Structure formats: structure tokens, C-alpha cells
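Q: Please read through the structure below; I'll follow up with questions.
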Amino acid sequence: MPSDLFGLGTYNDSGPSSSAGVSSGDQRYGSDLKTGDLRRRYNFGDRVSELAIAQDPFFRFVSKIGKKPTDDPEFKYTERRPSYHKRYAYVSNHHATTISSQAGDDANVVAGALDTDDIYKFAMVTDYLSEGNLQNVYGQSTGKVQPGDSGTQPAFFLPGQIVRIPYAADGATFAADYSVPEAGYILVKITDVDLASVATCAIITGRVVKGVADAVEMASYITATNGIDDVDIQSKSIAGILEPKRCYVVGTAHGQGTGFPQTWKDQPFSTGYGHTQIFKTSLAMDNTTRATVLKYEPNEWARIWREKLIEHKWDIETALLYGSQFSDADGVWQTQGAVDFVSSYGNVFELDHTTKTQDQFLDDMSNFLDPRYNNANATLFFVDTATFNWLHKLSGYFQNNLEISPNFSANMSLTGKKKVFGVDITTISTPYGDMNVARNVHLDSSAIKILAVNMRYCSFRPLVGNGINRDTAIYVGVQTLENSGVDRRVDLIQTEAGMEWQMPEAHAYWA
């Protein structure tokens, strides 16, 4: 009894201090009697409620399907981007007889200047780096490449190729958003390619195979104002704005007995690097507390140990989302998280739940899944709570309000639910494939609405080598408290791992 009174007077467990709880008559928190010091048995029931949530959906997935151990804390990797679909360019200058610079001062071509069998010259520029075939990512200003920048010279033009060159109607004004539509195209067979005169463009000379009799405007003209190099090209839709201005190689034509044609060599490889980050969570407890049998969960050490493991995973989850690759003055490394990587290098779209329509969302999906730079849908779409609800409202509207019959499906509809590695996944069908949506509560406290990640192009990289595994290693020890002679158990949970990110085109991010 004295210990009971002592506990009631000195120890206050969680919950309101009033016996009635928040309001009079509220039974949630019970009576004035507190649970007591160290949760001793006071004839309470045996049932304890425990909140169960999907604490770490992203970490679960990368550790289950994307784990790729590394034997170096500063690991490197290589990305490969093929060039066969990047053989396009924009007209930046043109003339019937001579070109000496990348840009001219008049987009107009007079009537009759592009008749069949005429010889004409074009200065061609492009908007991606030939080293690694690194191109713009929609909505991403980091690392953007403007037409005619250094390192973008199109080296793929060869004599004998047929090039399709678009044009606009005569008198068309090139607006600041460069939205002039294509009115038609000509075909030119290349007879000569000059890569030496201007380092940032290719000057091709060609014979007109398919001409145009009228006066026209070259649709991809570069000028000091309102030209394609005068706007943020990475913010323009490829399908809607840029594609009608691009000139493509559309085959070759050679005569009999002409022998081998010329060739060119691309460089499709680029490299990146990452750091492993050391995560530590420790637990210490004296042997007296360890030996005491308590109510609900008798072994206090086992309870706290389990909680510390969850805490450790929680820390890794948040770091793999929000971490930024960095090395401080003390040589401590941090790895790069998904949000930081995608917001720096991936597609960026805006999402406002009050104004965004389903049609606009599908337009974003179209840009995100453009096959010219993204050949695979995101494996998972991690969303905050508000967006999780918004997507379900969008996908359920058609079925609840407009569906004519079960055989007539909506463009965007909820098709199923499942559990993957214990995480609830909602499948939403769209014209651009299925969206596998997982709610991630860690995004609720940020501006991130949807984080779309192709799990095939990211890897969780724990440090493992020479017989040492630092993928969640456990270190156990017994320490003696200074000047007391009392032993205490000390455990350390340690993980050293980093994230490898590839193919930034295959990720998306709405904020």
C-alpha cells in the first residue's frame, strides 16, 4: 500500500489529469487512479490498444525488391540512354547558298525557294547533350539544355540521309510559348554535312526531294526574341509544342554501286555516384529494470527493443524520402532521398486539389509517360492523405454518376485493391496504364502530393564486404555505470546504406 500511494502521488501516466477526462462524464481515460509507477498490477484488464500503421512503405519496397549491396561507401553507377530515337534537330538558320552562323535574322522562305531538286542549306541545332544523350526533363529547370548550347552539336547527320523539315504558314508569328503549329513539311536528301564551321550546330546541304511552292516560315527558327532558344524549353510539352518543330531523319537513299556510306559514333553512357549514410539507434537499461516483471508486457527490455527497431526503420524511411546527398566538413555522408532526387532531376507538375481536373491530370500523365524519354510507368505512386482521397474521388465519380452499363468503363477508374509487403495498394486504371497508389503519411507534412517512382531504377545499397555486413547490424555490450558498480545492458542498432537513383526521366513529382 505505501508503494501504491507513493506511485499515485509522484508518477503521472499519459492522459488528462481530471478523472472525467476531457469533459464531464467522459469514460475514455477512466477514474482518478493512475496506472502507477512502473505500471504495476492494479487489477486492470489485460487488453492494451496499440496503433498499427504502415510506417515505412517506401523503405519496405526498396529493401524487399531493390536491395543491391555495395562494397564501397562511395559507390558509382552508369546510366545508358540510347540515341536511335534522339536523331532530331531544329532549324536555326537557312539559306540558298551559304551559312556562316548558327542563327539568322529572318524565318521566312520566299515562294519557289524550296522547289523539288533545289539545293538548300540548313543550320541544325538540338536540345540534348550528345555525351550521355542527356536531355531535358519536363518541368525541370535543373540541368536544362537549350537548343544550340555547348555540347549539343548533332553529329548524326550523314550524306545520303533523308530529313523531314517542318514549316509554318507564311506570316506566322512565333509566340513566346512557341505554339505555332506545323503547316507542312519538306524532305531534303543530305549531300554534305559541315560540323567544323560552327561548334554548336550542324550545317547540312541538301537536295529538296519534296518541296513547297508557297512562301513559308521555318517552324523551328531561332531568333533573339520569341524563338525556341528564347523560352524555357524544358517547360514545353513534347507532343503538343516541341514535336511539330523537330526535324527527323526518315531513312536513307543511295544509288546502285555507291559502296559503303559514312557512319557516326554515339556516346550513350553517363555516370553518377552515391554515398552510404550511417544510421544508429541505441538502447540502454540497468539490470534492475530488466529483471522487473511489469503489467501488460512483462519484459520492459523486449518492449523498448521492439520500439527502437521500429524507430530505426522510421528514421531510414524519412531519410530515404527527404535526405539530400551531402558531405559535411567532418566527413559525414548523407545519402540522397527520393524527394530530393526527383525534385532536382525528375518531372515536376503542379497539383491543387481544388482546381485540378481529371482531364488536366491525364495531360500530366501524358507528359510524364511520353515514350520519347520514359519507356515505363512508375511502379508505385506514393501520395499524401489528401491526394489519396482526391484520387479515389476522381476514380469513383464516373462509376457512381455517369456509368451507363458495367461493360462501359471510365477513362480513370478504381479497379482493385491489394496488399504488397503489408502495404495497402490501390490500383487506378488510366489511359496511360495502371497507377499503383500507396498512402505515405510521411508526405503529409510536406508540399509533396504525389511521388511516382519506378522501383526498377532505384536501389537500396547497404554496405557489405570482407565478411562485414552493415545492413542493420546489432552490437551488444554490458557497461558499468561510473562509480556505481551497476551493470547495464547496451545495444546499438546500426545501418549503413545509401540510395542509387537512375533514369530520372522515369520519375515524377507533384507539388
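Q: Please name all residue pairs, on different chains or six or more residues apart, with Cβ atoms under 8 Å, provided the first residue is in segment 156-172 and is in a loop (DSSP other than H, G, I, E, B) and the second residue is acidic (Asp, Glu).
A: Phe156/Asp266; Pro159/Asp192; Asp170/Asp214; Asp170/Glu217; Gly171/Glu217; Ala172/Glu217
Q: Mind checking whether some residue in segment 317-325 is out of contact with any helix residue (DSSP H, G or I) (no Cβ under 9 Å at 6 or more places or on another chain) and surrounded by fewer than 16 Cβ atoms within 10 Å (Cβ to Cβ)?
A: So far as segment 317-325 goes, no, none of its residues is out of contact with any helix residue (DSSP H, G or I) (no Cβ under 9 Å at 6 or more places or on another chain) and surrounded by fewer than 16 Cβ atoms within 10 Å (Cβ to Cβ).
Q: Moving to a separate point now. Output the residues belonging to segment 77-121 that are surrounded by 13 or more Cβ atoms within 10 Å (Cβ to Cβ), over 16 Å from Gln153 (Cα atoms) and of a type in the set (Ser, Thr, Tyr).
A: Scanning segment 77-121 gives Tyr77, Thr116, Tyr120.
Q: Follow-up. I want to confirm something. Restricting to segment 453-490 and keeping residues that are part of a strand (DSSP E or B) and at pLDDT 90 or above, which single residue is farthest from the chain's Cα centre (by Cα)?
A: So, considering only residues that are part of a strand (DSSP E or B) and at pLDDT 90 or above, the one farthest from the chain's Cα centre (by Cα) is Gly465.
Q: Quick one: which strands (runs of 3 or more DSSP E) sit completely within segment 235-335 and have at least 1 residues that are farther than 22 Å from Ser459 by Cα and either assigned by TED's automatic domain parsing to the domain that holds Pro166 or at pLDDT below 90 (or both)?
A: Per the criteria, 247-252, 277-286.
The values are calculated or read from the model by the stated rules, or taken from the named source; none is laboratory data. A quick note: this is a predicted structure, and the numbers were derived from the prediction, not measured. Cβ coordinates were reconstructed from backbone atoms using ideal geometry, including for glycine residues, and neighbour counts include every protein chain displayed.
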